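The values are calculated or read from the model by the stated rules, or taken from the named source; none is laboratory data. Note that the structure is predicted; figures quoted are calculated from it, not measured. Methodologically, a virtual Cβ is constructed for each residue, glycine included, from the backbone with ideal geometry; neighbour enumeration extends over all protein chains shown. For accessibility, only protein heavy atoms count, side chains too; no ligands or nucleic acids. Shrake-Rupley method; radii C 1.70, N 1.55, O 1.52, S 1.80 Å.
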Amino acid sequence: MPESMNSTEAAREGTVRSKLPPEIRELLDAAQTDIGAPLEPHAAEILRKARSEDLATYERFRAEYRRCGGRISALDQATAPTDGEHGDGGQGRPIEWNDPDPWPVPVDGAALLNALLALFERHASLPEGGAVAVALWALYAWCFRAFAVCPNLMLTAPERESGKTRVTEILSWTVPRAKPVSDASAAAIIRGIERDGPTLLFDEAQHFLRRRPGDPIRGILLASFTKRFAIVERCEGDAHEVRAFSTFCPKALNGRKLAAIDDMLTSRSVVVPMMRATRPLPELRVDRDPAGEDLRRQCARWRDDHLAELREADPDTGGRIGRIAQVWRPLFAVADAAGGEWPKKARAAAAALAAMAATFSDGETLGLMLLTDVRAVFEEKGNPQRIASKELDEALRDLPERPWASMPKTGKAITAQARGRMLANYGVKAETLRFDDAKDAKGYRRDAFEEVWSAYLPEAGGNGTVEPLTGPESRDFGDSRTVDGNGRVNDSKSAKTPAPQGVSTVQRFENRGAEGKGTPEPLHEPLTLRQQPLGKLTAAETYRRASRGE
């Protein structure tokens, strides 16, 4: 059998070789002893001509070259035509970067941020703190390699024509190596990140996020937050060698209702809720540079001068913990290094945006809803030290506009078993307790919920991802000086817009306590929206109420 196979192979090889021109046959013979011989410039030119004029001959050589152990990808690269429109013979065009030369003298960081701030304020209608956050993120994009995490910038709105794409266009002129992404494969994205370290700008990102759960682009977006885990592996070449690719780079996403599509991605992002402009804005010509080369050169110089400092930075996060602290830490570090009023502006913007972004979120899970309503039941009953399970279930079912009387899947009232399982996920379990009637029954101690409420329900006073808007500094983002082409600082002041009063966290259901709707307390105290349930309001109306401090 082996002899038969050998003779068949030899016959096939002889047939193929006989069809090759003499000069191509010589290259094949040379490959037997030197696999790189066909890739030498003079040999590659012969094969390139065969590839363009006699494809059958090239394919025969290609097949035999593989049998010799050669890499086909290397052969195709060496013989790629060179007479194409862009000089490399490939389809499309090669990606080129025009990295700016750093500014020749040191740059005032606060003045640089003020110039970025003025640019965004002039051309876009952003919420309180939004322009500050976007300006900080734009400068952070130049320095992202200094940090262990890479927060996304998420520009979201309830409807189209809210200015999301306009802000993204301005970002494309202010961030390094801006790379718009409207439709791309995961393979192209990861190879581009590994090779170039670009700033990715996803336009209408809801189309990416609404793909199937296992879509690789969603995985790249989620896994690229932390540098240590921002790695994907792919098999490369004919030998299927496993290679590692970085996915760590700045990413800005815009789109409708992004915050509600994927809460995991939202928690890794600086969220800027946007609305349609209510004032005329200067025309933004897409064929004209609104930022200017000088501004980008100053960003590059500031990065070079402060990269080492930023690597060692450990900014005060103002009591924020967990993911929300990770998201804002790089921006706080940039603000602290810039100096001036920017450390104060950055923290005020973080508080203001957290309060506003909460009004757009639809991400309350059934478990968090149950924790919230259990707390409401305790409060309605005067905060007793214990409550019977049966009494708790009856009170839950009586809450208006809540799902406990008709659960989503069954259409029936919540059962004791379902309630017990849901609360057990948070470490709260029913116990056998003695009640005032001297009878024992299953129930819950109030103190068993205290830590859970504090951790998961920030409006209860815990350290969650929704921060209260506190302090008079949140009403004033200071001056907005700009850096001119000569590195000088102009003394022009920007308008100071009062921050919304009394906006902190958002209670996502109607307050059923004895206080009624009440009136807003002074700043420094956590407040809640006590109007009609969020579910009855449009996103736009909810945003407007939050902006007015209602």
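Potential lengthening of the chain between R17 and D76 amounts to 19.2 nm, from the contour at 0.36 nm per residue minus the alpha-carbon distance.
Each residue of the range 36-50 was assigned a 3J(HN,Hα) from its phi angle through the Karplus expression (A = 6.51, B = -1.76, C = 1.60, θ = phi - 60°), giving x, 4, x, 8, 5, x, 5, 6, 4, 5, 5, 5, 5, 5, 5 Hz with x at Gly and Pro. Note: relative contact order over the range 13-154, using C-alpha pairs below 8 Å and six or more positions apart, is 14 percent. In order along the range 441-446, phi translates into HN-Hα couplings of 7, 5, x, 10, 7, 5 Hz, rounded to whole numbers, per the Karplus curve 6.51 cos²θ - 1.76 cosθ + 1.60 with θ = phi - 60° and x for Gly and Pro. Using a cut-off of under 19 Å, list every residue of the range 428-442 whose amide N is near the label point 7 Å from the Cα of Q385 along the Cα-to-beta-carbon line. Residues passing the 19 Å test: 429-442.
Working ranking of peptides 436-448, 159-171 by packing, defined as the average number of other Cβ atoms within 10 Å per residue, highest first, is 159-171, 436-448. Rounded to the nearest whole Hz, the Karplus-based 3J(HN,Hα) values (6.51 cos²θ - 1.76 cosθ + 1.60, θ = phi - 60°) of the range 278-283 follow the sequence 10, 9, x, 10, x, 5, with x at glycine and proline. The largest accessible area among S454, S246 belongs to the first residue in S454, S246, and the rest follow in falling order (1.4 Å probe, all chains).
Pairs over the 27 Å Cα-Cα cut-off, from the set K179/K345; K381/K429; K390/K412: K179/K345. Scoring 35-42, 194-201, 56-63 by mean Cβ neighbours within 10 Å over their residues and listing the highest first yields 194-201, 56-63, 35-42. Treating r as the C-beta distance of D99 and R311 and R0 as 25 Å, the FRET efficiency rounds to 0.75. Multiplying the residue separation of D54 and T415 by 0.36 nm and removing their Cα-Cα distance gives an extension gain of 122.4 nm.
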